[in-house]
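Engineer: Pasting in a structure now, in structure tokens, and then I'll have a few things to ask.
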Amino acid sequence: MAILRDEPMDAAGLLFRDLLEVAPDAILIVEADGRIARVNRQTEQLFGYSRDDLVGQEMEMLVPERFRRRHPGHRGRFFEDPRTRPMGVGLELFALRRDGTEFPAEISLSPLQTADGTLVSAAIRDVTERREYQQRLERQRDEILELSTPVIEVWDKVLALPIIGTLDSVRAARLTEGLLEKIAASQAEVVILDISGVPSIDTLVAQHLLKTVQAATLMGAASVLSGVRPETAQAMVHLGIELGQLRSRNTLRDALQLAIRIVHERTDTP
Amino acid sequence: MSEAIPVLRIGDTLLLSLQGDLDDSSVVRIESRITDEVARTHAKGALIDVSGLIVVDTFIARAIARIVGMVRLLGAEVVVVGIQPAVAITLVELGVPMGQLDTALNAEQGLVLLRKLRAGGGHGDRAG
């Protein structure tokens, strides 16, 4: 067969070979028994093998040692139901270079019907850069979330949580988590939630705040709201936001005074 | 929580520690043990330490609320201590009504709160 051997080719065969050679991905053509039938130039570059090192060998030589034992099983299942699909959906795949190093790979499989039976073409792409980029993005998102929800121990047994910017559910959840962890670690008695940096309080933001307060109360810490500006106070009442037992102060200074008093009340025996 | 349910006595206060996995039968045993102890010792206060509970669902939350109600009926004040961050978040997210619950961070602060509750003549009027 022309695909497999360098026999004289017809026009279609030549076109196929050229397409294979100029493809941006490394492409391996593999037989049903797992032997490599053909590779393109990209494969040589990506894996560091020459064509002659690869053709006729078990394709498992390109699979990292720890996945090698199970790979023939996966390969067998592909040939039972050969159709075009990405390999290992949802998994992080790795491929093994000649020098023993690995790279994260994205692999798509397609069946190739020939006179000699079904072959599979595997297109392999090195996704090192993309995966690093994703990890960096995730790390930065985490860092931004951390930065945006700092918990400060402002006094003995008093924590302050300056909330700056808009409070969405993700941030609110992170904020609650961070605050409760800090309560547990510092055994704080009072928490000051300072909302002077929150542009506007709507019912949703108020709900998030009240959930945080409830959770802190369950752990045994009292909460004080601070930084309520006149317009915020008006808006909250107009919206019918009910704060329940939560005490509120205009400035952080007043809130801190109240917090210190609460600490004294709670720790002094009657 | 299979066999022994440890209830420690400190003066006229009892300390009940909930640990591990609670199921229907263990909750029933705890209820009977703590109510018997409160009545037998004439305890005036009880601390329920839940720091040993890793997972708290609505079933366990209701069980805790029931135990609190029973002990109060026997004339003792109750403070729940050691609610862990994840547990607190779960309770709030589940919307379990725990508003009547008096809570403290740890047993030491729980004892202080118990004294205040007894001096103030009842729960629901805690400082803070």
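The values are calculated or read from the model by the stated rules, or taken from the named source; none is laboratory data. On a predicted model such as this, the values are computed, not experimentally measured, just so you know. Don't worry about glycine lacking a Cβ; one is built from the backbone with ideal geometry, like all the others, and counts go over all protein chains shown.
Engineer: Kindly indicate whether any position in the stretch A:242-257 is touching a residue at least 24 places away in the same chain (Cβ under 8 Å), over 33 Å from the mean Cα position of the chain (by Cα) and at positive phi.
Structural biologist: Yes, some residue in the stretch A:242-257 is touching a residue at least 24 places away in the same chain (Cβ under 8 Å), over 33 Å from the mean Cα position of the chain (by Cα) and at positive phi.
Engineer: May I ask you to list the residues in the stretch A:121-156 that are among the β-branched types (Val, Ile, Thr) and under 15 Å from residue A:103 (Cα atoms)?
Structural biologist: Hits for the stretch A:121-156 are A:124, A:127, A:128.
Engineer: Just checking, which of B:54, B:83, B:89 is in a loop (DSSP other than H, G, I, E, B), hydrophobic (A, V, I, L, M, F, W, C), out of contact with any strand residue (DSSP E or B) (no Cβ under 7 Å at 6 or more places or on another chain) and closer than 25 Å to residue A:175 by Cα?
Structural biologist: Every option except B:54 fails the conditions.
Engineer: Any residue at all in the stretch A:263-270 that's over 39 Å from the mean Cα position of the chain (by Cα), buried (at least 20 other Cβ atoms within 10 Å of the Cβ) and either modelled with pLDDT of 80 or more or within 12 Å of chain B (Cβ to nearest Cβ) (or both)?
Structural biologist: Checked the stretch A:263-270: at least one residue is over 39 Å from the mean Cα position of the chain (by Cα), buried (at least 20 other Cβ atoms within 10 Å of the Cβ) and either modelled with pLDDT of 80 or more or within 12 Å of chain B (Cβ to nearest Cβ) (or both).
Engineer: As an exercise: evaluate residue A:139 against (1) surrounded by 12 or more Cβ atoms within 10 Å (Cβ to Cβ); (2) more than 30 Å from residue A:20 (Cβ to Cβ) and give the number of the one condition it does not meet.
Structural biologist: Of (1) surrounded by 12 or more Cβ atoms within 10 Å (Cβ to Cβ); (2) more than 30 Å from residue A:20 (Cβ to Cβ), only one is false for residue A:139: (1).
A quick yes/no check of all residues on (1) farther than 18 Å from residue A:184 by Cα; (2) surrounded by 15 or more Cβ atoms within 10 Å (Cβ to Cβ); (3) of a type outside the set (Gly, Ala, Ser):
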{"residue": "B:23", "(1), (2), (3)": "yes, no, yes"}
{"residue": "B:28", "(1), (2), (3)": "yes, no, yes"}
{"residue": "B:35", "(1), (2), (3)": "yes, yes, yes"}
{"residue": "B:43", "(1), (2), (3)": "yes, yes, no"}
{"residue": "B:50", "(1), (2), (3)": "no, yes, yes"}
{"residue": "B:53", "(1), (2), (3)": "no, yes, yes"}
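Engineer: Please enumerate the residues belonging to the stretch A:85-98 that are surrounded by 10 or more Cβ atoms within 10 Å (Cβ to Cβ), at negative phi and not in a strand (DSSP E or B). Quick ask: steps written out before the conclusion?
Structural biologist: Within the stretch A:85-98, the first condition is being surrounded by 10 or more Cβ atoms within 10 Å (Cβ to Cβ), and the residues that meet it are A:85-88, A:92-98.
Adding the requirement that they be at negative phi leaves A:85-87, A:92-98.
Once the filter is applied, which keeps residues that are surrounded by 10 or more Cβ atoms within 10 Å (Cβ to Cβ), at negative phi and not in a strand (DSSP E or B), the stretch A:85-98 yields A:87, A:92, A:97, A:98.
Engineer: Are there any helices (runs of 4 or more DSSP H) wholly within the stretch A:157-256 with 1 or more residues that are within 14 Å of chain B (Cβ to nearest Cβ) and out of contact with any Gly (no Cβ under 7 Å at 6 or more places or on another chain), and if so which?
Structural biologist: A:169-186, A:203-219
Engineer: Taking the residues in the stretch B:11-39 that are in contact with a helix residue (DSSP H, G or I) (Cβ under 8 Å, 6 or more places away or on another chain) and not in a helix (DSSP H, G or I) as candidates, determine which candidate is farthest from residue B:59 (Cα to Cα).
Structural biologist: The qualifying residue farthest from residue B:59 (Cα to Cα) is B:12.
Engineer: Scan the stretch A:47-75 residue by residue and report those that are charged (D, E, K, R) and within 36 Å of the chain's Cα centre (by Cα). Give the derivation first.
Structural biologist: Step one: list which residues in the stretch A:47-75 are charged (D, E, K, R), which gives A:51-53, A:58, A:60, A:65-66, A:68-70, A:75.
Scanning the stretch A:47-75 gives A:58, A:60, A:65, A:66, A:68, A:69, A:70, A:75.
Engineer: For the stretch B:61-85, how many residues meet the condition of being in contact (Cβ under 8 Å) with a residue 12 or more places away in the chain, within 14 Å of chain A (Cβ to nearest Cβ) and touching an Asp or Glu at 6+ places or on another chain (Cβ under 9 Å)?
Structural biologist: Matching residues across the stretch B:61-85 total 7.
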